[in-house]
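The values are calculated or read from the model by the stated rules, or taken from the named source; none is laboratory data. These numbers come from a predicted model, not from an experiment. Note that we place each Cβ from the backbone using ideal geometry, even for glycine, and neighbour counts take in every protein chain shown.
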Amino acid sequence: MSNKQDHAQWSSSFGFVLAAVGSAVGLGNIWKFPYMVGESGGAVFVITYLFCIALIGFPILVAEWLIGRRGQKNPINSFEDVAASEGKSRAWGIVGGAGILGGFIVLSFYSVIGGWALNYVTKIGSGSFVGQNSDAVAAVFDAMLASPGTLTIWHTVFMALTAIIVGVGVAGGIEKAAKVLMPLLGVILLVILGYNILNGGFGQAVSYLFTPDMSKMNSGVLLAALGHAFFTLSLGMGIMVAYGSYMGREFNLLKTARTVIILDTVFALAAGLAIFPIIFVNGLDPAAGPGLIFVSLPIAFGSMTGGTLIGTLFFLLITFAALTSSISLLEPSVEFLEERTSLNRTMSTIVASVVIWLLGVAALLSFNLWSEFTIMGNGVFDLLDKLTSKFMLPLTGLAAIIFVGWVLAQDSIKAELGMSDGAWKAWQIVAKFIAPIGVVIVFISSLIGAA
Ligand code: PFF
């Protein structure tokens, strides 16, 4: 398409923040964060995660934007061109390629969960959970997982919606809708919080989320927290490099990163406070895994006044939040096919979507027909999740921060970030040492822990 030459730019910093928040806030915050907290022992995970976000996620987010803004192209070309402009190897393009591949894999299982959320819109909307106890609600979830047909239908619908939006390229529409819908999601989370305060379990949830029991700390928790920091900020997938490429010079990267990170974290913590009180009051297992929000929230919606409406709206908004993320995951693969093959945009979208869809079907079968099939103890779904969150994303992000902290000329970065001498020293310590060494330490400790 011709608009690749006259590279578009974000119209306002608000529009950019919104798009970046739209990509960052998604299933990772509302579905994944709470269940990871539950699986990894509560507050120890939360605190580790907050450290990872501040000391590793923040500088890498800034680094990815900086590379994209300098390169003004897709992630592969941006890395290549920025490296070449400073006389470094064009092989840095591989990092962009690894990112695109990571996003491709993430979307396959992301779409399966987006499908669950869509399915729950219809289930709650039809009043299926009204007056049901926790066992009945859990049985509905188990029945969904046991049915390859149901999972495939909803995965297909979600993937088709993603493909249509990307294919048509209605970015303007999505941006406008996000302006209304994301705040609405925040409001509904507040309604659930209010319900929880009235119905008990709130204090217990707060201490579960914020009072760490250090005896639960181990290398697995560290790696999970690091991986999630990448996942939730959409790092290590070329997405933020691509977004940066539409960014004008006038943007303040540090301030924008701070805003995006704060909003992303607020959504995750609010989701935790919406979910855990219900878990405790109903005697459910916080370590229930990926089904956590699907077995906890419907109980609350089934018993609160207006719960059918609020619940339907809630799962609709989660689906929407997931769509603003999934389109950002599909775009780089489509752009890559469009630029590097003879396929046009429509065909590129169809080809990428079909392959991702197929991988998603393999992932969803691991909940039923293929449940016996495991590789190193993981079904296909877990394997794709772990491969990306725990390995591909952190390693790609590590390469990005090494590129910015060590490979590129530092003077121009100081000027570009508009930093005072003091702030620049702090940045250098974080970007050159803390962030990369942090990622490496987590990796090594997890390898030792696994041995
Ligand atoms: N950050 C999104 C979430 O937390 O749900 C997921 C995601 C979107 C990951 C886009 C990666 C990405 F490129």
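Summary table
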| read-out | value |
| --- | --- |
| Residue that is modelled with the highest pLDDT, among those in region 11-38 that are away from the ligand (no atom under 11 Å from the Cβ) and not in a helix (DSSP H, G or I) | S12 |
| Residue in region 320-329 that is more than 16 Å from the ligand (Cβ to nearest atom) and either touching a Ser or Thr at 6+ places or on another chain (Cβ under 8 Å) or at negative phi (or both) present | no |
| Out of V130, V137, sole residue that is in a helix (DSSP H, G or I), touching a helix residue (DSSP H, G or I) at 6+ places or on another chain (Cβ under 9 Å) and more than 16 Å from the ligand (Cβ to nearest atom) | V137 |
| Residues that are over 20 Å from L393 (Cα atoms) and of a type in the set (S, T, N, Q), drawn from region 14-59 | none |
| Members of region 337-356 found to be of a type in the set (A, V, I, L, M, F, W, C) and surrounded by 23 or more Cβ atoms within 10 Å (Cβ to Cβ), listed by number | A352, I356 |
| Lone qualifier among G220, G236, G248 - being part of a helix (DSSP H, G or I) and of a type outside the set (A, V, I, L, M) | G220 |
| Only listed residue being within 30 Å of I164 (Cα to Cα) and modelled with pLDDT of 90 or more, chosen from L398, L358, L408, L417 | L358 |
| Flag for A242 being touching a Cys at 6+ places or on another chain (Cβ under 8 Å) and either more than 18 Å from I402 (Cα to Cα) or within 16 Å of the ligand (Cβ to nearest atom) (or both) | no |
| Which numbered condition A322 misses (of (1) surrounded by fewer than 23 Cβ atoms within 10 Å (Cβ to Cβ); (2) closer than 26 Å to Y243 by Cα) | (1) |
| Hits in region 223-233 (condition: more than 10 Å from the ligand (Cβ to nearest atom) and either outside any helix (DSSP H, G or I) or of a type outside the set (A, V, I, L, M, F, W, C) (or both)) | G227 |
